[in-house]
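Beneath this line is the structure, given in structure tokens, with notes to follow.
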Amino acid sequence: MIQTDSPRTLLKSVFGYDSFRSFQEDCIRSVLERRDTLLIMPTGGGKSLCYQIPALIFPGLTVVVSPLISLMTDQVRQLRALGIDASVFNSSLSSDEYDENESAVRSGRSRILFLAPETLLKPEIGSLLSGCRVDLFVIDEAHCISEWGHDFRPEYRQLEAVRRRFPRAVCLAMTATATQRVRRDILSSLGIPDANLLLASFNRDNLFYEVAAKVDAHRQTLDFLRRFPDQSGIVYCFSRDQVDTLAASLEKEGFSARPYHAGLRPEVRTRNQELFIRDDVQIIVATIAFGMGINKPNVRFVLHYNLPKNVESYYQETGRAGRDGLPAHCLLLFGYGDIRNVRFFIEQKTDPEQKQVANMHLSSIIQYAEAETCRRGPLLKYFGETLAAENCALCDNCARPKTPDFDLTDPAKKFLACIRRTGQRFGAGHVIDVLRGSSNEKILRFGHDRLAEYGTGAEFSARQWQFLIRQFIQKGYSFQDHDAYGALKCTPKSENLLSGGERLMGFFPEAREKAKKAPKKVAEPLQGDDELFQALRQLRKELADQAGVPPYIVFSDKSLLDMAARKPATREAFSALYGVGAKKLEAYADVFLRVIAEFRASRA
Ligand code: ADP
Ligand code: ZN
């Protein structure tokens, strides 16, 4: 059915939303004016709507090229749930499904057709499409066209030739990767050098960013996960072994968790992923193999157990949280031991250029982790953006008090004296052991229990020392020598402090810890005992299981929250809810209204 309604009308009547997000309207207008367009927008920004609304307005077909079968399947499900006719061609179809999709496309019933790039290159698809009017040609995940991007797909290189067969179709390329080089590559490879460039901000303002010194990673992980009962999240680890061990121990602790990595059998991997997507399992413990092609909107937290490879990876991995726009929390456990491990891997590389790049990446992520100022600064700098607000209020650094009010002079002197005395050859762990007077084997072997500094710092816990040392490094009194396996060394600046004249102010670790916990509420509004919300969730899960789709296809968390808050009593009130368009009103209003009415009655 071709719509003569305006984009704004369709936004509510089909999708159930009240207003456009930034750049959506610009993009839709650009496409409707038949200008080739490159849309760069972060994950969760709302790119899909930018072709879906034009697809409903154009008389002809919209062809969407997408690299992953899971993404296509998900989009088709979402569109059908909205009452939009969509088809798909990929290698996973049975011949019946294929025939059905083909006739939908041929008859013009289908508004949107999803294709893998290699499918588009097949002659039978070419001849099918040459009999259709194609008005819009969409390249999703357009960075796959670039060898400079992180997931290059050679088939994408041939899209220009395909595009030329549909001279009437306007081209819309979309991606969440924004480096200049990739951007230029997309425009030239698609042959659309004059495309209208729409560049949205990469700031994800619903994500809370936090870095914690890694002291006891396992316990810290348990503490963190306990803050998100019944909510979905991802824990990223460095190695497959770590994934297996952590997933098993989380299950033993009573969490609903499953592992995911490339070493598992494909069936197991797929099943674990599916359980997660359908809200049957709460936590996925994974290597970075997990995430591409996952469209789950209600991921409420991403925990990095180990240091990510670089700032871009960190941005992409944390970006899987909060696609629905609701608050989500990103925590990085940062330990100096991890830096040593990454160093070790870099040292194995033989190509000097690769080595240099890897080192640059490492220092960029260390800079992020050690930042004293807003975490969004280093993240957005990567995308060539500067943050408008000085205090974002949604990162650990912005959310804590600003004035340094603790005298660090004395602990700093003890620390500096200790690393000097031990020959500037040891990492933070050992130095802390000496300061705290521990008597482990390494201390005895080096005779460090006989030093004057031994045990002088017993008033602070190991965790507190980690915080203190981070401050000494940030303030330029010490540094970690990466050429010496991460040994801590003194800088010339430390002289002034040791010789007595200078005083050093900073933050007391406890105070900082408390401040970090304070913004908890901002990031976790979904938690709690909202009985109605839970009842609605339950109903959603039942309906989704009956239909064999993930719960978010029925309704997003945001829709359920809106429902639980407004408690509509009539169909009219129901239709005003977030995410309720004509089709969902028809399909679900009655069942959900009944549960809401029962809830009201039980409270009366
Ligand atoms: P992207 O493809 O950029 O990662 P999506 O298109 O999947 O993002 O959109 C992310 C989420 O935001 C989806 O749940 C979508 O329905 C929702 N969304 C998109 N546009 C709007 C809007 N204008 N108002 C409210 N929600 C929106
Ligand atoms: Zn901030």
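The values are calculated or read from the model by the stated rules, or taken from the named source; none is laboratory data. Quick caveat, the model's predicted, so the values are computed rather than measured. Note that we place each Cβ from the backbone using ideal geometry, even for glycine, and neighbour counts take in every protein chain shown.
Answer yes or no: is there a residue in region 200-208 that is within 30 Å of SER461 (Cα to Cα), in contact with a strand residue (DSSP E or B) (Cβ under 6 Å, 6 or more places away or on another chain) and crowded, with 20+ Cβ neighbours inside 10 Å. Show your work before the answer.
Taking region 200-208 first, the residues within 30 Å of SER461 (Cα to Cα) are 208.
The next check asks that each one be in contact with a strand residue (DSSP E or B) (Cβ under 6 Å, 6 or more places away or on another chain); those that pass are 208.
Filter once more, keeping what is crowded, with 20+ Cβ neighbours inside 10 Å: 208.
There is at least one residue in region 200-208 that is within 30 Å of SER461 (Cα to Cα), in contact with a strand residue (DSSP E or B) (Cβ under 6 Å, 6 or more places away or on another chain) and crowded, with 20+ Cβ neighbours inside 10 Å.
Show the residue pairs that are 6+ apart or on different chains and have beta-carbon atoms under 7 Å apart, the first residue being within region 50-62 and on the phi > 0 side of the Ramachandran plot, the second being crowded, with 20+ Cβ neighbours inside 10 Å.
Hits for this filter: zero, empty list.
Within the set of pairs 6+ apart or on separate chains, which have a first residue in region 435-451 that is more than 13 Å from ARG421 (Cα to Cα), a second that is assigned to a helix (DSSP H, G or I) and small (Gly, Ala, Ser), and C-beta atoms under 8 Å apart?
ARG436/ALA462
Would you mention how many residues in region 444-470 are assigned to a helix (DSSP H, G or I) and either modelled with pLDDT under 85 or surrounded by fewer than 19 Cβ atoms within 10 Å (Cβ to Cβ) (or both)?
Here the count works out to 11.
For residues in region 412-442 being under 12 Å from LEU468 (Cβ atoms) and within 38 Å of the chain's Cα centre (by Cα), which is farthest from ligand 2 (Cβ to nearest atom)?
The extreme case among them is VAL431.
For (1) more than 13 Å from ligand 1 (Cβ to nearest atom); (2) more than 29 Å from PHE290 (Cα to Cα); (3) at pLDDT 95 or above, each residue gets a yes or a no:
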residue	(1), (2), (3)
ASP5	yes, yes, no
GLU33	yes, yes, yes
LYS47	no, no, yes
PHE58	yes, yes, yes
SER70	yes, no, no
ALA81	no, no, yes
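Please pick out the residue among ASP244, ASP223, ASP185 that is in contact with a helix residue (DSSP H, G or I) (Cβ under 9 Å, 6 or more places away or on another chain) and at negative phi.
From the options ASP244, ASP223, ASP185, the qualifying one is ASP185.
Would you confirm whether any residue within region 365-381 is touching a residue at least 60 places away in the same chain (Cβ under 8 Å), closer than 17 Å to GLY486 by Cα and more than 12 Å from ligand 2 (Cβ to nearest atom)?
Yes - at least one qualifying residue is present in region 365-381.
Somewhere in region 260-283, is a residue over 20 Å from TYR382 (Cβ atoms) and in contact with a Cys (Cβ under 7 Å, 6 or more places away or on another chain)?
Here is the first cut: in region 260-283, the ones over 20 Å from TYR382 (Cβ atoms) are 260-283.
Narrowing the set further to residues that are in contact with a Cys (Cβ under 7 Å, 6 or more places away or on another chain) leaves none.
No, that holds for no residue.
Select, from GLY83, GLY108, the only residue that is in contact (Cβ under 8 Å) with a residue 60 or more places away in the chain, assigned to a loop (DSSP other than H, G, I, E, B) and of a type in the set (Gly, Ala, Ser).
Values: GLY108 fails: in contact (Cβ under 8 Å) with a residue 60 or more places away in the chain.
On inspection, the qualifying residue turns out to be GLY83.
For region 111-137, how many residues are outside any strand (DSSP E or B) and of a type outside the set (Lys, Arg)? Lay out the reasoning, then the answer.
Initial filter on region 111-137 (outside any strand (DSSP E or B)): 111, 116-133.
Then keep just the ones that are of a type outside the set (Lys, Arg); that gives 116-121, 123-132.
The qualifying residues number 16.
Please go through region 387-408 and give me each residue that is free of Cβ contacts under 8 Å to residues at least 40 places away in the same chain and within 13 Å of ligand 2 (Cβ to nearest atom), ordered by number. Step through it out loud before you land on a result.
Residues of region 387-408 free of Cβ contacts under 8 Å to residues at least 40 places away in the same chain: 388-391, 397-398, 402-403.
Listed by number, the residues that qualify are ALA388, ALA389, GLU390, ASN391, ASN397, CYS398, LYS402.
Scanning for something over 38 Å from the mean Cα position of the chain (by Cα) and under 23 Å from LEU333 (Cβ atoms), does region 398-407 turn up at least one residue?
No, the conditions are met nowhere in region 398-407.
Let's see how each residue does on (1) away from ligand 2 (no atom under 16 Å from the Cβ); (2) under 29 Å from the mean Cα position of the chain (by Cα); (3) β-branched (Val, Ile, Thr):
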position	(1), (2), (3)
SER6	yes, no, no
LEU11	yes, yes, no
VAL14	yes, yes, yes
SER19	yes, yes, no
SER22	yes, yes, no
GLU25	yes, yes, no
VAL31	yes, yes, yes
ASP36	yes, yes, no
ILE40	yes, yes, yes
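Please go through region 74-103 and pick out each residue that is within 23 Å of the chain's Cα centre (by Cα) and under 24 Å from LEU326 (Cβ atoms). Walk me through it before giving the result.
Going residue by residue through region 74-103, those that are within 23 Å of the chain's Cα centre (by Cα) are 74-78.
Correct list: ASP74, GLN75, ARG77, GLN78.
Please count how many residues of region 271-290 are under 30 Å from ASN359 (Cα atoms), out of contact with any His (no Cβ under 7 Å at 6 or more places or on another chain) and surrounded by fewer than 21 Cβ atoms within 10 Å (Cβ to Cβ). Let's see the steps before the verdict.
Keep residues of region 271-290 that are under 30 Å from ASN359 (Cα atoms), which gives 284-290.
With out of contact with any His (no Cβ under 7 Å at 6 or more places or on another chain) added as a condition, the list becomes 284-285, 288, 290.
Restricting the remaining residues to those that are surrounded by fewer than 21 Cβ atoms within 10 Å (Cβ to Cβ) gives 288.
The total comes to 1.
Table: residues versus (1) touching a helix residue (DSSP H, G or I) at 6+ places or on another chain (Cβ under 7 Å); (2) loosely packed, with under 15 Cβ neighbours inside 10 Å.
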{"site": "LEU539", "(1), (2)": "yes, no"}
{"site": "LYS558", "(1), (2)": "no, no"}
{"site": "THR570", "(1), (2)": "no, yes"}
{"site": "LEU593", "(1), (2)": "yes, no"}
{"site": "ARG603", "(1), (2)": "no, yes"}
